[in-house]
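The values are calculated or read from the model by the stated rules, or taken from the named source; none is laboratory data. Predicted model, so just to flag it, every value in this text is computed and none were measured. We place every Cβ from the backbone using ideal geometry, glycine too, and count neighbours over all the protein chains shown. Areas reflect the complete protein model, heavy atoms only, side chains present, ligands, DNA and RNA absent. Shrake-Rupley method; radii C 1.70, N 1.55, O 1.52, S 1.80 Å.
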There are 2 protein chains.
Amino acid sequence: MNEREELPAIDELRTLLGGRLTTSLPIREAHGRDESWHPVAPPDAVAFATSTKEVSEIVRICAQHRFPVIAFGTGTSLEGHISAPHGGLSLDLSRMNRILEVNAADLDVHLEAGVTRKALNAWLRDMGLFFPIDPGADASLGGMAATRASGTNAVRYGTMRENVLNLTAVMADGSIVHTAHRARKSAAGYDLTRLLVGSEGTLGIITELTLKLYGIPEAIASGVVSFPNFEGAIDAVIETIQTGLPVARIEFLDEVQVEACNRYSKLSLPVAPLLLVEFHGSEASVAEQAERFGFIAGEHGGGAFEWAVKAEERTKLWEARHNSLYAALALQPGKKGLISDVCVPISRLAEAISGTKEDLKSSPLVAPIVGHVGDGNFHLIMLVDPENAAEVAEAQRIHDRMVMRALSLDGTCTGEHGIGEGKRKFLAAEHGEGVAVMHTIKQALDPLNILNPGKMLPA
Amino acid sequence: MNEREELPAIDELRTLLGGRLTTSLPIREAHGRDESWHPVAPPDAVAFATSTKEVSEIVRICAQHRFPVIAFGTGTSLEGHISAPHGGLSLDLSRMNRILEVNAADLDVHLEAGVTRKALNAWLRDMGLFFPIDPGADASLGGMAATRASGTNAVRYGTMRENVLNLTAVMADGSIVHTAHRARKSAAGYDLTRLLVGSEGTLGIITELTLKLYGIPEAIASGVVSFPNFEGAIDAVIETIQTGLPVARIEFLDEVQVEACNRYSKLSLPVAPLLLVEFHGSEASVAEQAERFGFIAGEHGGGAFEWAVKAEERTKLWEARHNSLYAALALQPGKKGLISDVCVPISRLAEAISGTKEDLKSSPLVAPIVGHVGDGNFHLIMLVDPENAAEVAEAQRIHDRMVMRALSLDGTCTGEHGIGEGKRKFLAAEHGEGVAVMHTIKQALDPLNILNPGKMLPA
């Protein structure tokens, strides 16, 4: 295929970008694939942008040719956000990776969208500052904003929703918008920042961000406690949150996941439901929090409470948690993980988890559950052979039941992975009339439907 | 004027609402007036709605007749949000004042938009829960959401932006939208909640809300400390925030305001810049925070640090703070307060305040400054005789300079009062191209421009 003749958009983009526009198949395929089980759909071309102005020029060319534009950060999303089912351009922002300004006095940083969270935290460490949002993967901060990412620290520090002060975004017509100034709060106008956070590249391309930062806590303490059943663990979480204990992380691993972590990370945790917690604060307040949590855990049947105040021990535990997906996959080598997340009010969490556990009991699937339970958010990783249609169908069935159950418990079809392609079918069940409002906004801001078409909103 | 003949919308509304639709002049005038210096513009009629369904029916009738609809809570806004410059209907939601469900385990409450924050907190007290957002006035929670209210506790608990989980809103076509479920976080679709929060009734009428709640802290401690100059006070605030001290409130009063409070509330505070702080937590953590803050204040020239751990002493201090507007007005009886707020990054706060203080030095106006300085937010209350054109013009001049200075310092033209009528002229200076995006959204969601026309967006 001679793309130069068939796709004039690519021709014009090549004139603008030279070698930073490619149609190489391996690069296109790598840009149509995320870390999920969703099928790969490569774009027609990949552009590596280097500035907001250039992104604006690229979008103008694409708009002129009605050529789809799909923003790409690191490709670590989990719901098919970056695939190109309608072809078009993958707009790779990874070369926009400059940290532009750290305002230590204001606890904020202005940076380009391609900076990853680990790169940011490495840069900040010597200043005694950090950015807490941690979705596991070393995602780009632009991608994390676009998908409203959260992760283990969200119970204490919030999600990307709460931690973006200001975005620079290129809209569908190529115009460049700065959504806010650096003030911590504002009552001036519609909240364009929050409209773009979580819009998955369908309303604008995020090119720069100003993020809130935090001082690295004076003291950090982690600990683990096992429970005879998951209900005890969840009740301990509820009481922890209710009493206002400012836990920084509180992660649940079911017994299947604990066994997977033991094998993968060479640990010897009791094979039982487990909570992994972390406290941030002064030496005195961390000690007080730990003591209170230990008491709460004990009241709900928790066993011996092991503290890991030393950095090495902490790191080992949290590495095991971060590797839990790989540990799960290693349970059945060769299979893929059908990964999904839901989030419910914390009082309904036990019901949400037990429903899925019941479904799994009568199923041949191996499927660990892990969760950021302080938020009522949990993940199911079902191991499936993608070639085995019956197995995939069974996983889909359990998945759909998990999502519909979460909705019936006043929860959401996704706490943090987003909609992408994978959960479009649930959006109407969750939002009802709200979907019409979303369509109206999309239509108004992207009338040609060039920004990440085929994602988020149901067709 | 026979309104029944002239305005068929009113005719139809009366059929729907009976005695809950009025055209009485005193009631109309009371609904066109807020607590600000902005001129009164009464609506053509006032409706007292009792349910979301009824609001939907009202909006449908108004849409059919292109009759403006202005949502009204308690009328305590400060930028002319509720006036009716184009006539139409004031839709009073104060009779929608039912608290529908408290979920203590999930720390949330579902209520109607007309419930006021004090009514909610009175209701919650016995459950050991509270809702922290406190703009001073006993505003309705629907109005607080619509104006993105914040106040003294925002530095610790966030603003309405962070504390609304879910809204029920009637859109311009009468459709009823629920923006979210009760989960603490979600990555499912556009953030309609945050789009409506702060939209000042121009995109939809908020009729019900689900709000986050918090446990009443085990211990609360308040204290005051005076400084020889305001720079020392502001530096103490910056260091407090930077070191991550979880201060619940940190309020600045300049010497003019302190003197006003002394007179009005019969206190004997030193007439000097002052910080009024509050800490929430366990007994031990509050004591630790207090000690740390005392040290920081001392380092920046702060004088003797007086603690008020007892509830009566605390109440007296905070009552004085809450009455600071009345105290200011009492400085020059008969004058009105031209009240405004701006918000800047905390590192620019001293510059923002000193610029205004310089302007005031060469002016005859008396104008105290108070601020929620932990957020970089402060208020200027200029006492003016509305009949004295020169005085009003001088106040406007200083006001405009304060706003433009805040914008030049990377701040916002309003941290919490909103745009309303009063700050429309600054929106473009703050948001640039973003205003076009806001116009597009408004046009798409309210094509007939019936929802609070003439507010927020520049003409």
Cα centroid of the stretch B:246-279 to Cα centroid of the stretch B:392-422, whole Å:
23 Å
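Hand me the trypsin sites (Lys or Arg not before Pro) from the stretch B:87-127 located in a DSSP loop with no more than 15 other Cβ atoms within 10 Å, in residue order please.
Working: sites: B:95, B:98, B:117, B:118, B:125; in loops: B:95, B:98.
Of the trypsin sites (Lys or Arg not before Pro), the ones in loops of the stretch B:87-127 whose Cβ has at most 15 other Cβ atoms within 10 Å are B:95, B:98.
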Note on the stretch A:148-299: alpha-carbon gyration tensor, axes a ≥ b ≥ c; rule is a/c under 1.5 for rounded, else prolate if a/b larger than b/c, else oblate; result prolate
Any residues in the stretch A:97-141 that have 30 Å² or more less accessible area with all protein chains than in their chain alone, probe 1.4 Å, and which are they?
A:105, A:106, A:107
Run through the other copies and list how far each one's label point is from that of residue B:60, in nm with one decimal, shortest first; the point sits 7 Å from Cα along Cα-Cβ.
4.7
For the stretch A:185-268, the percent of all C-alpha pairs falling in each 10 Å bin, from 0 up to the bin holding the max distance, is 11, 25, 23, 29, 11, 1
Would you kindly work out, in nm and rounded to one decimal, the distances from the label point of residue B:443 to those of the same position in each other copy, ordered shortest first, with label points 7 Å along Cα-to-Cβ?
1.5
For the full complex of protein chains and a 1.4 angstrom probe, list B:405, B:292, A:33 by accessible area with the highest value first.
A:33, B:292, B:405
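Against the empirical 2.2 N^0.38 Å scaling, what ratio does the C-alpha Rg of the stretch B:301-414 come to?
For the stretch B:301-414, the normalised Cα radius of gyration is 1.17.
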Can you give the percent of C-alpha pairs in the stretch A:99-215 whose distance is more than 19 Å?
40 percent
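At a 1.4 Å probe, what is the % contribution of carbon and sulfur to the accessible area of the protein assembly as shown? Mind showing how you got there, number by number?
Working: 16710 of 31920 Å².
Looking at the protein assembly as shown in its full context, I get 52 percent from C and S.
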Mean shadow area (nm²) of the C-alpha convex hull around the stretch B:3-92 is 5.3 nm²
Excluding residue A:241 itself, what net charge comes from residues whose Cβ is under 12 Å from its Cβ, given Lys and Arg +1 and Asp and Glu -1?
-2
Cα-centre dipole for the stretch B:332-431 with unit charges at Cβ (Lys and Arg positive, Asp and Glu negative), debye to 20:
80 debye
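Solvent-accessible area per residue for chain B at a 1.4 Å probe radius, Å²?
Details: 15950 Å² over 459 residues.
I get 35 Å² per residue for chain B.
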Would you jot down the residues in the stretch A:425-451 that end up with at least 20 Å² less accessible area in the complete protein assembly than in the chain alone, with a 1.4 Å probe?
A:430, A:431, A:433, A:434, A:437, A:438, A:440, A:441, A:444, A:445
Relative contact order for the stretch B:289-437: what percent, with Cα pairs under 8 Å and sequence separation of 6 or more?
24 percent
Using only protein heavy atoms and a 1.4 angstrom probe, determine the accessible area buried between B and A, summed over both sides, in Å² to the nearest 100.
6300 Å²
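Where Rh denotes the Kirkwood radius from the mean inverse Cα pair distance, what is Rg over Rh for the stretch B:360-429?
0.96
Quick one: Cα convex hull volume of the protein assembly as shown, Å³ per residue?
Details: hull volume 149.3 nm³, N = 918.
Cα-based convex hull of the protein assembly as shown, divided per residue, equals 163 Å³.
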One decimal, nm, shortest first: give the distances between the label point of residue B:15 and those of the same position in the other copies, each label point 7 Å from Cα along Cα→Cβ.
6.2
Report residue B:123's accessible area, 1.4 Å probe, all protein chains in place, as a number in Å² to the nearest 10.
140 Å²
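Above 37 Å lies some portion of the pair distances; for chain A, what is it as a whole percent of all C-alpha pairs? Before the final figure, lay out each step's value.
On the way: 28245 of 105111 pairs.
Percentage above 37 Å: 27.
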